[in-house]
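Please read the structure below before turning to the comments.
The values are calculated or read from the model by the stated rules, or taken from the named source; none is laboratory data. Keep in mind the model is a prediction, meaning the values are calculated, not measured. Because the Cβ atoms are built from the backbone with ideal geometry, glycine has one as well, and the counts that use them run over all protein chains shown.
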Amino acid sequence: MLPLLKVLAVFGLIVFLLRKKYNIGWTMLAGAAVLGLVFGLGPVPLIQQLGLTLINPLTVTLMAILVLIMIMESVMRKTGMMEAMTGALFHLPVNRRLIFAAIPAIIGLLPSAGGARFSAPLVAQATAGFPYRAEDRVFINYWFRHAWEFSLPLYPGLILAAHISGVSLGTIILWQWPFTIAWVVLGYWYFFKVMRTGRADDAAEQSAATSECAGNVGSEPAQGFDAPARGAAEGDRASNGHALRTLAVSTWPLWLTVLLVLVHAPMVWTLCGVLALLIGLKKYPLRQVWQNLREPMTVKIVILIWGIMSFKDILVLSGAVAQVSDAILVLGVPVVLITIMLPLLIGVLTGLLQACIGVSFPLVMSVVEPTVAYVMLAYVAGVVGVMLSPVHLCLVLTVEYFRADFFRSYWPLLAPSLLVMVGAAGLFWFM
């Protein structure tokens, strides 16, 4: 029981430091150091292990991957590709509600801390004229932005889960793609069909959508005007085709990366190749790439990976993993419950998926057989916990932008998030 209490105390320290807004990388390094000391690891072996972790090829690879993703995000933003993505959506002949959901989802293709603040103004612009409350706009922006957490190999949490568990990234993605689809479908159904059912403003919403789509169209065309009508239809088709081409051209680096990862191409070389092609096609200045490498964010990424990987390594070196695993088995806690509850609770407490995976996965993988089914269950639990965290940066920034009531924005997230967790448990049981 004592080893379990020691680890819980270290978890408490990490959560406390994160709540105090300390850098997550330095926080994880501090947690790793304290963990080693309380489990009897001397200062010299502790410092040696921190140094060995820093130069470990796996650690260096993770650092390189995240830095390359950061550069890709910067290139796509600064060359107008993200703006072109969202602009093309408004020219597609789809239900307006789908566009509302698609805007934060497309911005979410590029993971960035607090990126919901970037998509919030676009959601506000798209929903202008529709009788949505501020809390409704919070749900749209926050929920649909995070659909890619389960399946896009650009997300650091997914990369960390693959490296810590030993299950290939492509295999995890193939298992978790259904959750991306379920997340979107469930959010759409829950928001537009459940939350808004019976509201007085539904009729006004329908009226606004109808009038916007109708434009200046008359009730019945005169019989002699079928040629202009055909011309207009052909113009619409041309406009739709242009929008689809723009969308494809603006998103190709993302989909090419996903496809290469799914065929098990090494992530580092995949990103290097896609990024080199992107820089060449866009004639992006190499001096700007150098400036990106010198930004404070690059240093933060290096420290983040060093901290998370050090915590994992010291968990093993100090004997904490073995001792905690034995304590849990003695208590008789079902391993499935551990697989769900540990990532879920750490996700709620930290609001950061990287921290959630870095802290919980080494322990979870030590008490279960690290198969893709267990990885899926633990990862989904972590995402749900992070989504329900009141300290999640995206949630805080979105609520602040729309000047919404926090609790009226928070409660609608509970039901669909827990339904996703139930679905993961059901798929685990079935498999």
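Being at pLDDT 70 or above, farther than 28 Å from F407 by Cβ, in a loop (DSSP other than H, G, I, E, B) and of a type in the set (A, V, I, L, M) is not true of L158.
For L337, the stated conditions do not hold, so it cannot be described as crowded, with 20+ Cβ neighbours inside 10 Å and part of a helix (DSSP H, G or I).
Mind telling me which of the residues G351, G423 ends up being at pLDDT 85 or above, under 30 Å from V194 (Cβ atoms) and not acidic (D, E)?
On inspection, the qualifying residue turns out to be G423.
One residue stands out in segment 38-49 among those that are among the aliphatic types (A, V, I, L, M) and in contact (Cβ under 8 Å) with a residue 24 or more places away in the chain: the one that is farthest from V333 (Cα to Cα), namely L46.
Considering segment 259-285, the residues that are at pLDDT 85 or above and exposed (fewer than 13 other Cβ atoms within 10 Å of the Cβ) include one that is nearest to L18 (Cα to Cα), namely W269. Scan segment 7-32 for residues that are free of Cβ contacts under 8 Å to residues at least 60 places away in the same chain, among the aromatic types (F, W, Y) and in a helix (DSSP H, G or I) and the total you get is 1.
How many of the residues making up segment 378-424 are under 20 Å from A147 (Cβ atoms), in contact with a helix residue (DSSP H, G or I) (Cβ under 9 Å, 6 or more places away or on another chain) and assigned to a helix (DSSP H, G or I)?
Quick first cut of segment 378-424, residues under 20 Å from A147 (Cβ atoms) only: 378-389, 392-399, 401-402, 409-410, 412-424.
Remaining after also requiring in contact with a helix residue (DSSP H, G or I) (Cβ under 9 Å, 6 or more places away or on another chain): 378-389, 392-399, 401-402, 409-410, 412-413, 415-421, 423-424.
Adding the requirement that they be assigned to a helix (DSSP H, G or I) leaves 378-387, 393-399, 401-402, 409-410, 412-413, 415-421, 423-424.
Of the residues in segment 378-424, 32 are under 20 Å from A147 (Cβ atoms), in contact with a helix residue (DSSP H, G or I) (Cβ under 9 Å, 6 or more places away or on another chain) and assigned to a helix (DSSP H, G or I).
Matching residues to (1) polar (S, T, N, Q); (2) under 27 Å from L54 (Cα atoms); (3) buried (at least 23 other Cβ atoms within 10 Å of the Cβ); (4) free of Cβ contacts under 8 Å to residues at least 24 places away in the same chain:
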site	(1), (2), (3), (4)
P121	no, no, no, no
R133	no, no, no, no
F144	no, no, yes, no
L158	no, yes, yes, no
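With touching a His at 6+ places or on another chain (Cβ under 9 Å) and not polar (S, T, N, Q) as the only criterion, which of L109, L169, L92, L98 stands out?
Being touching a His at 6+ places or on another chain (Cβ under 9 Å) and not polar (S, T, N, Q) holds for just one of L109, L169, L92, L98, which is L169.
Filtering L4, L35 for residues that are crowded, with 20+ Cβ neighbours inside 10 Å, outside any loop (DSSP other than H, G, I, E, B) and touching a residue at least 12 places away in the same chain (Cβ under 8 Å) leaves a single hit, L35. Of these, G108, G114, G80, G87, which one is modelled with pLDDT under 75, under 19 Å from L254 (Cβ atoms) and not basic (K, R)? Answer to the check: G87. In this structure, does V384 turn out to be surrounded by fewer than 20 Cβ atoms within 10 Å (Cβ to Cβ) and on the phi < 0 side of the Ramachandran plot? So V384 fails the test.
Of all residue pairs spaced 6 or more apart or on separate chains, those with beta-carbon atoms under 6 Å, a first member in segment 366-377 that is under 12 Å from L174 (Cα atoms) and part of a helix (DSSP H, G or I) and a second member that is aliphatic (A, V, I, L, M) and at pLDDT below 90 are A373/M431. Among the candidates I71, I103, the residue that is surrounded by 23 or more Cβ atoms within 10 Å (Cβ to Cβ) and part of a helix (DSSP H, G or I) is uniquely I103.
In this structure, W177 does satisfy being farther than 23 Å from L304 by Cα and out of contact with any Leu (no Cβ under 8 Å at 6 or more places or on another chain).
Okay, residues lined up against (1) buried (at least 20 other Cβ atoms within 10 Å of the Cβ); (2) closer than 15 Å to A243 by Cα:
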residue: V44; (1), (2): no, no
residue: Q48; (1), (2): no, no
residue: I55; (1), (2): no, no
residue: T61; (1), (2): no, no
residue: I65; (1), (2): yes, no
residue: M76; (1), (2): yes, no
residue: F90; (1), (2): no, yes
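The number of residues in segment 300-359 that are touching a Lys or Arg at 6+ places or on another chain (Cβ under 8 Å) and under 15 Å from L4 (Cα atoms) comes to 1. Taking segment 387-408 as the range and being of a type outside the set (D, E, K, R) and surrounded by fewer than 19 Cβ atoms within 10 Å (Cβ to Cβ) as the test, the residues that pass are P390, V391, L393, V396, F406, F407.
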